Every structure is written in structure tokens, then in C-alpha cells.
Amino acid sequence: DLHLCDRRQRQMCIRDSRMVEMEPDHIATRLTRVNLLFMLDKDAEVITDCLHVIELEPSNHVAYFMMAKAKKATNDVFGAIADLTRSISLKEDFADAYLSRAEILLGLGQAKEALPDVEKAIEIVPEEESSYLLRGRIHMALGDIEAANSDFQQVLDLNPFNEDACILSGQLLIEQKKYDEAIAFFDEAIETNPSFAKAYSCLLYTSDAADD
């Protein structure tokens, strides 16, 4: 299935490339190709197309955002932060840009600086589970276990099948040596989602830790 999906993406990219050749200054077509190129890990081509869009339309916040994603993928995190900052300046309610910048800042060990960005994203889109998940991770990095747990629970309230939130919630209990609560938590997670493979291994690890 993955191979088939990749082949379709390449076919769509070829189609859009032909359209770009016919209309090289058509912004929407270029941005469509940018998304496909990014999914195909062609980051250098993404950046080239985004720069062309910005040359045509300097206020295009999407081009800066996609260019930031490509730069992040090539480990140019500071270039990505600069592009995300520019994207936000062009569209102040661009929740995805705030989230992306917060993710990079957290990865750089700047959790305190990342928190206002994710707070802003939540203010813009209150029902986005990925925002609460990221805020929970930021609170974990800041050592605020109670706030982190509240965020992960918020994710699970929005989507009981969110595996990342489940694992992180369980890890918080394990770190506090609340093994019985962690075991009950993973049991419930498996009951909710019987195909949740990682929950089984976490349950086994927690049971072993509780026996030590």
C-alpha cells in the first residue's frame, strides 16, 4: 500500500510539474507541487519552488511555512525558525506555524520559549489534539508533571485512540512509581484499542518494574 501511495504521489508530481512548465508563474500549481515534493522528501526542490513563489508573491505565508518544513527536514533548524517567524508575521493566526516553531524550540532544549507558541496555537484552534500533546511534552520538559498529565488527558478526551498521549500519560505514572495506576491505565488503553501493540510492551515493562 505504501509503495502504491508513493507511486501515485510521483505520478501527481509529474503531472503538476508539466503544469508548472506550461504556467511557471501559477502560484497555486507550484504550491500543490511543493506539497507533493515534500512528501517525496525532495527538500531542495521544495525550497527552490517556495523561493519562486515568494519572488512572485512576497506575502505568501504558505511558501515560507513549507520552506521551513523542508529546512527542518535538512536540519537547518535556525533557517526554519526564521521562515516560520516570517510566516507568522504574514498571517498572525497561522496555528500550524506556531506549532512547528514550538516543536523546533523544544527540540533545541528551549521549552520555556516554546510554551507561548503552543499556547497561541491552542488559542487559535482549541480542539486540535496535536497542540495539547505538544504542550504536554513541553510541560514534561519543564518538570510540571501535573500540567503535562492534564494536557495528555485533554488529548485522550478529544481522541481516546491517540497512542502518543496514552504512552506519555503512562510514562508519567511510571516516573512517579505509580505502577498499579500505570498498569490499570495500560489495561484500559488495550481494552479501548486491542491493536495498540506498544501498550502491551509498556504493560509488560510496568509489571516487571512493579515486581522489582
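If you take the C-alpha gyration tensor of segment 168-212, multiply each eigenvalue by 5 and take the square root, what semi-axes do you get, largest first, in whole Å?
Details: eigenvalues 56, 22, 13 Å².
Calculated on Cα positions only, the semi-axes equal 17, 10, 8 Å.
For the listed residue pairs LYS71/LYS112; LYS42/LYS71; LYS112/LYS177; LYS91/LYS120, the alpha carbons are over 19 angstrom apart in LYS71/LYS112; LYS112/LYS177. In terms of its Cα atoms, segment 58-101 spans 25, 21, 12 Å along the principal axes, sorted from long to short.
Once you divide the Cα radius of gyration of segment 91-137 by 2.2 N^0.38 Å, the number left is 0.99. GNM on the chain, alpha-carbon springs under 10 angstrom: the most fluctuating residue among ALA28, ALA73, ALA121 is ALA28. Using the average count of surrounding beta-carbon atoms within 10 Å as a protection proxy, the listed peptides 128-141, 183-196 rank, highest first, as 128-141, 183-196. Sorted from greatest to least, the principal axis extents spanned by the alpha carbons of the chain come out as 67, 39, 28 Å. Orientation-averaged projection of segment 95-212 equals 7.2 nm² [convex hull of Cα atoms, one quarter of hull surface area].
All of the numbers you see were taken from the coordinates with simple rules; none came from a lab. Note that this is a predicted model, so its numbers are computed, not measured. Methodologically, a virtual Cβ is constructed for each residue, glycine included, from the backbone with ideal geometry; neighbour enumeration extends over all protein chains shown.
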